[in-house]
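Take a look at the structure below.
The values are calculated or read from the model by the stated rules, or taken from the named source; none is laboratory data. Note that the coordinates shown come from a computational prediction; the quantities given were computed from them, not determined experimentally. A quick note on method: Cβ atoms are made from the backbone with ideal geometry, for glycine too, and the neighbour counts reach across all protein chains shown.
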Amino acid sequence: MTTDIDTIPPDAPASVIATTLERKGIHRVPVIEDGRLHGVVTRPDLLPAVISQEIEPADLPDTRIRSAILAAMRREDWADPFYTHVEVHDGIDEFFGFTPGPAVQRALRVLAEQVPGVKGVATVQRSC
């Protein structure tokens with residue numbers, strides 16, 4: 001056993017705890033205050049803290065949302081970003097341009113709604 005034990009204070013942020021665990025190659029770290037053990041933090045304990053610190057989709061910038069929509073369109077054979085222009089304003093996606101028909105317009109709406117940060121979709125397109 002080792003006598004040099006790494007510890008953390010009770011107010012340590014999740015990022016500091018994760019860094020300590022990773023750098024030291026340990027799976028748990030004691031929480032110590034005033035020389036007294038208050039508890040132990042393990043790697044699985046950090047998961048809820050990390051998830052709660054993720055960026056809220058509403059906080060994503062419009063340029064990032066637009067890039068994500070275009071990337072999703074490029075992955076689909078039926079979506080043609082050449083003829084369909086994408087604009088995002090305050091999380092609202094707007095499609096401009098031409099599509100082969102109403103089915104593709106509905107599919108684009110569904111595609112966009114799956115992108116984090118999209119608050120709504122306004123379709124302004126014409127069918128070919």
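Residue-by-condition table, conditions (1) out of contact with any strand residue (DSSP E or B) (no Cβ under 8 Å at 6 or more places or on another chain); (2) outside the structural domain of residue 121 (by TED's automatic domain parsing); (3) at pLDDT below 85; (4) of a type in the set (Val, Ile, Thr):
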site: 46; (1), (2), (3), (4): yes, yes, yes, no
site: 66; (1), (2), (3), (4): no, no, no, no
site: 77; (1), (2), (3), (4): yes, no, no, no
site: 89; (1), (2), (3), (4): yes, no, no, no
site: 94; (1), (2), (3), (4): no, no, no, no
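Taking the range 25-40 as the region of interest, how many residues are closer than 13 Å to residue 12 by Cα and of a type in the set (Asp, Glu)? Spell out the reasoning first.
Start the filter on the range 25-40 by keeping residues that are closer than 13 Å to residue 12 by Cα, which leaves 29-33, 38-40.
Applying the additional criterion that residues be of a type in the set (Asp, Glu) yields 33.
Here the count works out to 1.
With the requirement that a residue be under 18 Å from the mean Cα position of the chain (by Cα) and in a helix (DSSP H, G or I), what does the range 71-97 give you?
Residues satisfying the conditions are 71, 72.
Residue by residue through the range 98-112, note down the ones that are in a helix (DSSP H, G or I) and either at positive phi or touching a strand residue (DSSP E or B) at 6+ places or on another chain (Cβ under 6 Å) (or both).
Here is the first cut: in the range 98-112, the residues in a helix (DSSP H, G or I) are 102-112.
Those that are in a helix (DSSP H, G or I) and either at positive phi or touching a strand residue (DSSP E or B) at 6+ places or on another chain (Cβ under 6 Å) (or both): 105, 108, 109, 112.
When you scan the range 20-34, do you find a residue that is modelled with pLDDT of 85 or more, surrounded by 14 or more Cβ atoms within 10 Å (Cβ to Cβ), over 28 Å from the mean Cα position of the chain (by Cα) and at negative phi, even just one?
yes
Identify the residue in the range 1-19 that is of a type in the set (Ser, Thr, Tyr) and in a loop (DSSP other than H, G, I, E, B) and, among all such residues, is surrounded by the most Cβ atoms within 10 Å (Cβ to Cβ). Can you show your working first?
Within the range 1-19, the first condition is being of a type in the set (Ser, Thr, Tyr), and the residues that meet it are 2-3, 7, 15, 19.
Subsequent filtering for residues that are in a loop (DSSP other than H, G, I, E, B) retains 2-3, 7.
Values: 2: 5, 3: 4, 7: 14.
My answer is 7.
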